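Student: Structure incoming, see below.
The values are calculated or read from the model by the stated rules, or taken from the named source; none is laboratory data. Just so it is clear, the model here is predicted, and its values are computed rather than measured. Here Cβ is always computed from backbone atoms with ideal geometry, including for glycine, and neighbour counts include all displayed protein chains. Quick note on the areas: whole protein, heavy atoms, side chains included, nothing else; ligands and nucleic acids left out. Shrake-Rupley method; radii C 1.70, N 1.55, O 1.52, S 1.80 Å.
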Amino acid sequence: MEDIVAGDPDWSTRNATPPPRWALAWRPFGYLLVGLVWLAIWATIFALGWGILIFGVVSGELTVAVFTEPSMSSVGSVLAMVFLVAPLLAVIMGPVVLWWLPNCSWPLAALSFVYIGRSLRPSFRHEKLSFTAYGDQADTFGRPTVSGTSLSLQPVRNTALTRFLMRFYVAGWEPSGIGFLAMMPAGVGWLLLFPAIAKDVALTTSVVCGVLGVGLIAWSYVWALRTM
């Protein structure tokens, strides 16, 4: 956690000149806007990861044939589905969509809402609430930049809540190899949930796939949380 320095006393502004009144007045609305943007990003990621499964459960119309029939046209298509498409989906959905991308978004939304509450309290009127630091692009998640990746919304004053949120913040913006490995079973479990909820799969197969899928996803999240 070398680049993310949440709660570093050097960033504290408690004894500095208080923000101007206009900044204090607009501060809750600014954090609200930022929080809603990050919340919308998280909701999009959530829909990408779980939306089709939720739709399948609610509609009851999801079929495995929709995905498997195009791959049954030739032996090459079957091999590509088994050895290329499915493993690639597991890698993308597990570590990326179910772990890294959510952790890059929801902690920032939650921190923004924490700052809204702080901005309404008189005890925080004389200090900044958050700051932006710049991390090494080699160690952080995001597009290449000249001056490093900006790591914003870090709390000036740390509490148990912000420390909890920053653990997930770090997991998203400073991804680790062990975190990638931990979420690989979740990608496999995500794939297994399709036959678990499909209407054209035998009941026994659905139950087995469902138990295995949920078990792998739960195992991944427990493992990933322990690596934080």
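Student: Hey, can you tell me all the residues within the stretch 201-228 that are among the β-branched types (Val, Ile, Thr) and either at pLDDT 95 or above or in a helix (DSSP H, G or I) (or both)?
Tutor: Initial filter on the stretch 201-228 (among the β-branched types (Val, Ile, Thr)): 201, 204-205, 207-208, 211, 214, 217, 222, 227.
Matches in the stretch 201-228: 204, 205, 207, 208, 211, 214, 217, 222.
Student: Tally time: how many residues in the stretch 105-128 are modelled with pLDDT of 90 or more and surrounded by 14 or more Cβ atoms within 10 Å (Cβ to Cβ)?
Tutor: The number of residues fulfilling the criteria is 14.
Student: Got a number for residues in the stretch 157-200 being in a loop (DSSP other than H, G, I, E, B) and hydroxyl-bearing (Ser, Thr, Tyr)?
Tutor: Just the residues of the stretch 157-200 that are in a loop (DSSP other than H, G, I, E, B), to begin with: 157-159, 174-176, 198-200.
Remaining after also requiring hydroxyl-bearing (Ser, Thr, Tyr): 159, 176.
Residues in the stretch 157-200 being in a loop (DSSP other than H, G, I, E, B) and hydroxyl-bearing (Ser, Thr, Tyr): 2 in total.
Student: Does residue 14 meet the test of being open to solvent by 40 Å² or more (accessible area, probe 1.4 Å), of a type in the set (Lys, Arg) and modelled with pLDDT of 65 or more? Spell out the reasoning first.
Tutor: Details: open to solvent by 40 Å² or more (accessible area, probe 1.4 Å): yes; of a type in the set (Lys, Arg): yes; modelled with pLDDT of 65 or more: no.
No.
Student: If the requirement is being over 13 Å from residue 100 (Cα atoms), surrounded by 14 or more Cβ atoms within 10 Å (Cβ to Cβ) and at pLDDT 90 or above, which of these qualifies: 180, 194?
Tutor: On the way: 180 fails: over 13 Å from residue 100 (Cα atoms).
One residue alone meets the criteria, 194.
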